[in-house]
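Values in this text are rule-based calculations from the coordinates and carry no lab data. Since the structure is predicted, the reported quantities are computational estimates derived from the model, not experimental observations. We place every Cβ from the backbone using ideal geometry, glycine too, and count neighbours over all the protein chains shown.
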Amino acid sequence: MHLDWDRLSRSEWIAVTGGLLLAVATFLPWYGTSENPNAVIDGGRGDFSAWDVHPIIRLLMLGAAAAPLILAWIVLRDHELSWPRGEATAVVAMIAAGLVLYSGIVSRPGEPRSQIALQIGWFAALLGIGLMLVGGAKRATEVERRRKPPGVF
């Protein structure tokens, strides 16, 4: 099996970089308690990563981070797909963005919420997701879609 690395376009490299950044960001601090002694996250004080705080989202983030790697594998192996390459990566990135934004803005863990600050990991996750979205969407638009005859789904 010979992998031709020249098949990977700039958009795939952007998406892969975003996926790797998202995977690393899952283990970086996402939330931190303030100086207020009453500020706690799950009964503790300090900095907490998504891996520490979100038992389901942490797995979803790692799954989302795998999407651009799978895209790169598909491109390297020159597999045929029934949808434009990169489209699934862009959709996964949008879902991940919704989860990260919801968990950091709407439903931030800890009490009191006003005393829990977002940390570098949360922002790195958003950056990684943004790279995945840009890379996947750009890749999906690089190839012209095959047109189907009228009346065919």
request  = Calculate, for Ile105 and Val152, the FRET efficiency according to 1/(1 + (r/R0)^6) with r their C-beta to C-beta distance and R0 41 Å; round to the nearest 0.05.
outcome  = 0.45
ask   = Cα axis of helix 87-101 to longest principal axis of the chain: angle in degrees, 0 to 90, nearest 10?
value = 10
task = Can you grab the distance from the C-alpha centre of region 10-51 to the C-alpha centre of region 79-150, Å, no decimals?
result = 16
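To the nearest 20 debye, what is the magnitude of the charge dipole of the chain about its Cα centre, counting +1 on the Cβ of each Lys and Arg and -1 on the Cβ of each Asp and Glu?
Numbers: 14 positive and 13 negative charges, 104 e Å.
That gives a dipole near 500 debye.
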query = For His79, His54, what ranking results if the residue with the fewest other Cβ atoms within 10 Å of its Cβ goes first?
reply = His79, His54
inquiry  = If I model a spin label as a point 7 Å beyond the Cα along the Cα-Cβ vector, how far apart are those points for His79 and Ser34 in nm?
reply    = 4.9
inquiry  = Given a Förster distance of 41 Å, report the FRET efficiency between Ser114 and Leu69 from their Cβ-Cβ distance, rounded to the nearest 0.05.
reply    = 0.60
remark   = Net charge (Lys, Arg +1; Asp, Glu -1) of residues whose beta-carbon lies under 15 Å from that of Thr33, Thr33 excluded, is -2
message = With log10 I(q)/I(0) by the Debye sum over Cα atoms at q = 0.08, 0.16, 0.20 Å⁻¹ as the read-out, I listed [x] -0.23, -0.85, -1.22; [y] -0.30, -0.92, -1.18; [z] -0.29, -0.82, -1.08; which label goes with the value calculated from this structure?
response = [z]
ask   = Can you sort Val24, Val53, Val106 so the residue with the fewest Cβ neighbours within 10 Å comes first?
value = Val106, Val24, Val53
ask   = Going by how many other Cβ atoms sit within 10 Å of their own, how do Phe27, Phe48 line up, fewest first?
value = Phe27, Phe48
ask   = What spacing in nm lies between the two simple spin-label points modelled at Arg10 and Thr141, each 7 Å away from Cα in the Cβ direction?
value = 1.4
task = Would you calculate a helix-derived [θ] at 222 nm for the chain, using -39,500 (n - 2.57) for each DSSP H run of n ≥ 4 and dividing by the full residue count, to the nearest 500?
result = -17000 deg cm²/dmol
